[in-house]
Each structure stands twice: as C-alpha cells, then as structure tokens.
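The values are calculated or read from the model by the stated rules, or taken from the named source; none is laboratory data. What you see is a predicted model; the values in this text were computed from it and never measured. Because the Cβ atoms are built from the backbone with ideal geometry, glycine has one as well, and the counts that use them run over all protein chains shown.
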Amino acid sequence: MKRLVIIGAGISGLAAATAAADARQGDELEILVLEAGPKVGGKAQTIRRNGYLLEAGPTGYLDNEPLMDELVQKAGLEKLGADDAAARRFLVRDGKLREIQASPPRFLTSGILSPGGVLRIATEPFRKQKTDPKDESVWEFAARRLGPQAADRIIAPMVLGVYAGDAKRTSLSAAFPRMAELEAEYGSLVKALISLRNQKGKTSGGPAGPSGKLTSFAGGLDQLPLKLAESCQARGDFQVRLNTRVETLTYGIDSARPNDDPGGNPEAKPGVWNLRISSNGTTKAIQAEAVVLATEANVAAKLLASPAPDIATELKDIPMPHVAVVGLGFGPDALAKAPRGFGALIQRGGGIRILGVLWDTFLFPERSPDGTVLMRCMVGGATDPEAAKLTDEELVALTHADLTKLLNLDGTAPIFTEVVRWPNAIPQYEMGHLARMDRIHTAMASLEQTAPGLYLAGNYTAGVAFAKAAKAGDAAGREAAERVLKDANRPSQA
C-alpha cells in the first residue's frame, strides 16, 4: 500500500485529496489528510450565533470554474447564488458613499473622480502601450493608463479589498494578470472593455479578471469543505485526521524515528518521506511516497527548512499581513440606512480606517435575523500593520465609529459583535512574486531528482481566490497520485 499525505485541510488540501482519489486505481493508494486545527476549511470558517451567520474568511466564490461544480456535487450540496443587490458596489470618496455605475455617463457624474480625472480616463486609448517586460505595480499601471487620481481613488481601494494589500507594492502581472493581458492584446483598457461588451455570449470578464456569479451555500461557505470531507470519507476516498500537526518533514532514513502506525513497517526506509506528527499529546512518525503541502506559505517554509532550505527561504519571504474581520449587527434603524448592495471600498487617507465593508444581509438570505443588518469590516492589512496591536474591544469601537461616519449611525449601538483575527491573512503578490515562484519551481524540479514526490498547493501559488486555491490543490493532488501510481507500476530493473 502506497501512501500520499496531504498537509492542510483547507480547500486546497481537500481538492488535492479529491483529485488524488479520482486518479488512483483500486485501493493501492492510501490518501491521508493531516490538519493541525480542530476542523477542516482553512480560512473558510462560518460563525453562527444568535441568528447571525458571519463569514470569518472569504465571502464566496465565482461560479466560473468547472472544478467547483465537481466539488459541490461530490459534497452533495446545492449552490446558492448571491442576491441581485450584490451587483451594486460602492466607493467612499470624501467620507461619502458613491455608487460605482456601469453606465459611463452615470459613472462620470458619480463624484468619484474630478472633471480632470474623468478627462484623463477619456484619453486612455491614446496612451502608449507598455512593451518592456519589467514588473510593474498595480498602482503604476493604473496611473500610467488611467491617471494618478483613478489609481488612488479606484484601483488602490480595489487592491485593499481583494488582497488587503498596497497597490504600490502589488505586482500587476501576478495579482491582476488580466489587466496586463488586455493592454497587450488591445493596447488600451477602454478599447478592451468596448470589445468585450460586443462579444455577446462570451464570459470574457472585465479588466480585473474573469466574470462569474458570486456563489455560496445556505449554511455558509464552510459547508463545502465540511460536507466534502464528510462525504469523501464516508465513501472511503480519503481520511482526514484533525488536531494533527506535522512537526518535521524529512526525506530518507530518519534514525530517530519511532515505530510507525500499527500494521506499518517499523523500520525507516530510504526513498520515502518521513513525517513526525503530534496529536493529543503523543508523537509518532509515518511515511509517505508523496506529500502535498497545502498549507500557508509560512507553515510550508518551516517544514521545508531541512529538506529544501532554498525553497523555505523563498516561501518565508512572502508577506502575509494581519487582518481582523469585525462583524457588527444592528437593528432596524441601521437597516434602513444601509445601502442595498455588496459593500464599499475605501480610499486611504480619508479619515476612515477600515479597509472596506460588506453588507452581508443583502448578499445571501438568512445572514441576520429579521429587522436587522449584518455588516462585516476588515481592519489591518499591508497598509495598516499597527492594527494588529489593537484589542478586540478597540477593533469593535473603531469599526463602529467608521460605520457611524459612513451611514450616519449616531446613537445606534451594535446588538451583535464578533472579531476574528488572522495573523497571516492573505499572501501578498508583491513586486517580483512571479520571479519568486519561478525560482521555487526551478528548485522543486531540482529537488525531484534527490527527494521526489513533494508538491506545493495553496493560495500563494496561483491566486488567492477560493476557487483558484482549490484549482491549485486539484492539480497538485492529481499529479502526486499519478506519480506514485506510475512508480508503483514500473517494472523492476532487477
């Protein structure tokens, strides 16, 4: 019996396990998922309390990735599309909410940009196309094509909303490759938008990325990893061990290794990965022919410090700032004042400290009790590292104060509060990220010659979105399983 171990039971790890189960033939491959925490899902965690349903991590995913439909089917779930109100998006300018209008005439009069800023966008088709391959920040790209005002007021808040990142440090080609592709293909973002709108029936998406409908589930986004793990284990596809931490990862003989699992080989063997794991106060070692690291970059870096120090160094240097998710529930007065929409992005320097606000009540049904409204705010990120020092009470207070400014909530106190902290929230695709990943891929190819069977998956590899993380896990799990099975079926050279 060959063994594939997947470290991490977030959506990347579970997608890897599912893909590996699909790729194997019969029962000759054991698939084991090890999760350090008490439940699966990674950052896809949903809090249910007092009639409120708060997403502690991602809100949902775009339903334009076929793999997600496959995972949903395996989990036995039904998709839940966002309400129509989710199509309405807002920006905060001069302390006021301003709706982002799809109609050019209405957008031009929305007050988001000054007349000079509007004129600068109007001349975008006449700007020279970038031809050199040098990495460019998202802000530099936006300022060059749309003007500095649009870069500050529209694009920088967008980067905060997606990555909790600094647009001046975020790599365009890594974080928003679609923008770079459209300039290369059309020579202009305005020309690209016109062309895409004329391509009826196609899901080409906009400049920031592909189109799709925001999707979740009746009980929250964490239903997918929870039900996927439950269903797949019931079918015998793979096994998940919770509260099981991998302490060390080495390749080859481990002289200090204790006995393996009951029924396994108690002697360490060359040519396999040795994992020292701890669970419920006990430590033991297991072996695997292949390992998928579906963890955060910093966790993967610690595990690879011995077998692959060059890769570990690269992973350790990927920034992952602290972000706090603050959920506040209000009564009827605030419900009447909250715009029916997805939420608002907020420009830095306008007296509002939160990175953005989502009006969860209007996104999916039954997210708050009748007559109430649930608002979810993010605080911290790459532009506000000092927020990590704030207490929960201070985070609630500043969030309440900012929402009071935005929505005129004077005298309206929250009736529900929840604070969730992510010390390492979102990997930052900063300048040079693609070059870093190229170095990692080169080092992984070299490692394959001496310590084969190691694969990386996670949201630092090919996109931070929920569906992209799943896709990265799917590719890694399938490749790992096929490799182990190929080696197992290779004729002996003796």
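Looking at L34, L80, which one is of a type outside the set (F, W, Y), in contact (Cβ under 8 Å) with a residue 40 or more places away in the chain and in contact with a Lys or Arg (Cβ under 8 Å, 6 or more places away or on another chain)?
Unique residue meeting the criteria: L34.
Inside the range 251-278, can you point out the residues that are farther than 30 Å from Y429 by Cβ and either modelled with pLDDT of 95 or more or among the hydrophobic types (A, V, I, L, M, F, W, C) (or both)?
To start, the set of residues in the range 251-278 that are farther than 30 Å from Y429 by Cβ comprises 252-272, 274, 276-278.
Passing the criteria: I253, A256, A268, V272, N274, R276, I277, S278.
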Just to be sure before I move on: is A290 in contact (Cβ under 8 Å) with a residue 24 or more places away in the chain, closer than 16 Å to G252 by Cβ and either of a type outside the set (D, E, K, R) or surrounded by fewer than 21 Cβ atoms within 10 Å (Cβ to Cβ) (or both) in the structure I sent? yes
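Is one or more of the residues making up the range 323-334 more than 17 Å from I7 (Cβ to Cβ), surrounded by fewer than 18 Cβ atoms within 10 Å (Cβ to Cβ) and either assigned by TED's automatic domain parsing to the domain that holds I7 or not acidic (D, E) (or both)? Working first, answer last.
As a first pass, look at the range 323-334 and keep what is more than 17 Å from I7 (Cβ to Cβ): 323-334.
Keeping just the survivors that are surrounded by fewer than 18 Cβ atoms within 10 Å (Cβ to Cβ) gives 331-333.
Narrowing the set further to residues that are either assigned by TED's automatic domain parsing to the domain that holds I7 or not acidic (D, E) (or both) leaves 331-332.
Yes, because at least one residue in the range 323-334 is more than 17 Å from I7 (Cβ to Cβ), surrounded by fewer than 18 Cβ atoms within 10 Å (Cβ to Cβ) and either assigned by TED's automatic domain parsing to the domain that holds I7 or not acidic (D, E) (or both).
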Given (1) assigned to a loop (DSSP other than H, G, I, E, B); (2) of a type outside the set (D, E, K, R); (3) at pLDDT below 95, I426 misses just (3)
Based on this model, can you work out whether G37 counts as modelled with pLDDT of 95 or more and in contact with a helix residue (DSSP H, G or I) (Cβ under 8 Å, 6 or more places away or on another chain)? no
Within the range 378-401, which residues are hydrophobic (A, V, I, L, M, F, W, C) and outside any loop (DSSP other than H, G, I, E, B)? M378, V379, A387, A388, L395, V396, A397, L398, A401
Selection over the range 149-170 where residues are surrounded by fewer than 20 Cβ atoms within 10 Å (Cβ to Cβ) and in a loop (DSSP other than H, G, I, E, B) yields a count of 2
For the range 330-373, the count of residues that are out of contact with any Cys (no Cβ under 7 Å at 6 or more places or on another chain), under 21 Å from V159 (Cβ atoms) and aliphatic (A, V, I, L, M) equals 6
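Here is a yes/no grid of residues against (1) surrounded by fewer than 20 Cβ atoms within 10 Å (Cβ to Cβ); (2) not polar (S, T, N, Q):
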position: A397; (1), (2): yes, yes
position: A443; (1), (2): yes, yes
position: T450; (1), (2): yes, no
position: Y455; (1), (2): no, yes
position: Y460; (1), (2): no, yes
So the check is Cβ under 6 Å with 6+ separation or different chains; which pairs have a first residue in the range 121-148 that's outside any loop (DSSP other than H, G, I, E, B) and a second one that's surrounded by fewer than 13 Cβ atoms within 10 Å (Cβ to Cβ)? none
Are any of the residues in the range 463-474 assigned to a loop (DSSP other than H, G, I, E, B), free of Cβ contacts under 8 Å to residues at least 60 places away in the same chain and on the phi > 0 side of the Ramachandran plot? yes
Given the options T361, T404, name the one that is surrounded by 21 or more Cβ atoms within 10 Å (Cβ to Cβ) and part of a helix (DSSP H, G or I). T361
